[in-house]
Amino acid sequence: MTTRTDAPTRREQILKEAARLFAERGFHGVGVDEIGAAVGISGPGLYRHFAGKDAMLAELLVGISGRLLDGGRRRVAEADGVPEQVLSSLIDGHIDFALDDRPLITLHDRELDRLRDSDRKLVRQLQRQYVELWVDVVRTLHPDAAEGQVRAAVHAVFGLLNSTPHLGSYGNGLPGRAAMEVLLRKLAHGAFASLSA
């Protein structure tokens, strides 16, 4: 979802590797030494960037929730109020997230309960706002659908798109990234179209 083209900062490198390792082996299955080694610094060197693993986990999960919301708001603004364009843009943005940030989806599924209460509440608050962006657009496109149906459809599409980490790696009979993007786009639009059927 980012448009930056410069090299990632050391902090970003640490977060990316922490997300990957936490997703592969679980939060408690990874030590700071392993995260440090993955980015070429000592484990204790990580403490120059983060207070500890808990701080990394919080930044990862709060961070992605905030980026999804900010990206969604940007996409709504850029679509000039044309509901079909807004929905297509929201779907495309979430597909990019689902395909490019798969470790964060796994991390959220497995480790959200490890966050401090305040961080977990912030993640949920950001997620609710993100859902409401989608619900507003889908209700505009499908005014005859009950709000509960629309909300259920939005959550079902998130479930569909966020299932990508469970598919395994590309190849092995699975379509590549570009083909998966096309498939997910068709499925998401089809799910929302069913509200008018």
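The values are calculated or read from the model by the stated rules, or taken from the named source; none is laboratory data. Source: prediction; values computed, not measured. Glycine also receives a Cβ, built like all others from the backbone with ideal geometry; neighbour counts cover every protein chain displayed. Side chains are part of the model used for accessible areas, which takes the heavy atoms of the whole protein and leaves out ligands, DNA and RNA. Shrake-Rupley method; radii C 1.70, N 1.55, O 1.52, S 1.80 Å.
How large is the Kirkwood hydrodynamic radius of the stretch 77-147, counting all unique pairs of alpha carbons, in Å?
By the Kirkwood definition, the hydrodynamic radius is 14.0 Å.
Which of the listed residues, GLY72, LEU133, VAL123, is farthest toward the dipole's positive end in the stretch 30-145, when Lys, Arg count +1 and Asp, Glu count -1 at the beta-carbon?
VAL123
What is the percent of Cα-Cα separations in the stretch 142-182 that go past 16 Å?
That tail contains 50 percent of the Cα-Cα pairs.
Tell me what the chain gives for mean residue ellipticity at 222 nm when only DSSP H runs of n ≥ 4 count, each as -39,500 (n - 2.57), the sum divided by the residue total, rounded to 500 deg cm²/dmol.
Value at 222 nm, helices only, nearest 500: -23000 deg cm²/dmol.
So what's the Cα pair-distance distribution over the stretch 17-72, bin width 5 Å, in %?
Going from the shortest bin to the longest, the percentages are 4, 19, 27, 24, 13, 8, 4, 0.
Work out from phi, with θ = phi - 60° and the Karplus expression 6.51 cos²θ - 1.76 cosθ + 1.60, the ³J(HN,Hα) of each residue of the stretch 146-151, listed in order in whole Hz, and give x for Gly and Pro.
Each residue's phi maps through the Karplus curve to give 5, 4, x, 5, 4, 4 Hz.
Report the relative contact order of the stretch 28-113, percent, no decimals, based on alpha-carbon pairs under 8 angstrom and at least 6 residues apart.
20 percent
Can you work out the accessible area per residue across the stretch 51-197, with the rest of the protein chains kept in place, probe 1.4 Å, in square angstrom?
That works out to 50 Å² per residue.
Among the lysines, which fall within straight-line cross-link reach of LYS16, defined as a Cα-Cα distance under 17 Å, with same-chain neighbours fewer than 8 residues apart omitted?
Once the sequence-local lysines are set aside, what remains near LYS16 is LYS53.
For the stretch 55-109, what is the per residue volume of the convex hull drawn over the alpha-carbon atoms, in cubic angstrom?
That works out to 66 Å³ per residue.
So, by mean Cβ neighbours within 10 angstrom, what's the order for 103-112, 56-65 with the highest one leading?
Highest mean packing first, the order is 56-65, 103-112.
For volume of the Cα convex hull per residue in Å³, which listed value, [x] 155; [y] 130; [z] 122, comes from the coordinates shown?
[y]
Arrange the peptides 185-191, 78-84 so that the one whose residues have, on average, the most other Cβ atoms within 10 Å appears first.
Answer by packing, highest mean first, reads 185-191, 78-84.
Of PRO143, LEU161, LEU187, which is farthest towards the positive pole of the stretch 121-197's charge dipole, taken about the Cα centre with +1 and -1 on the beta-carbons of Lys, Arg and Asp, Glu respectively?
It is LEU161.
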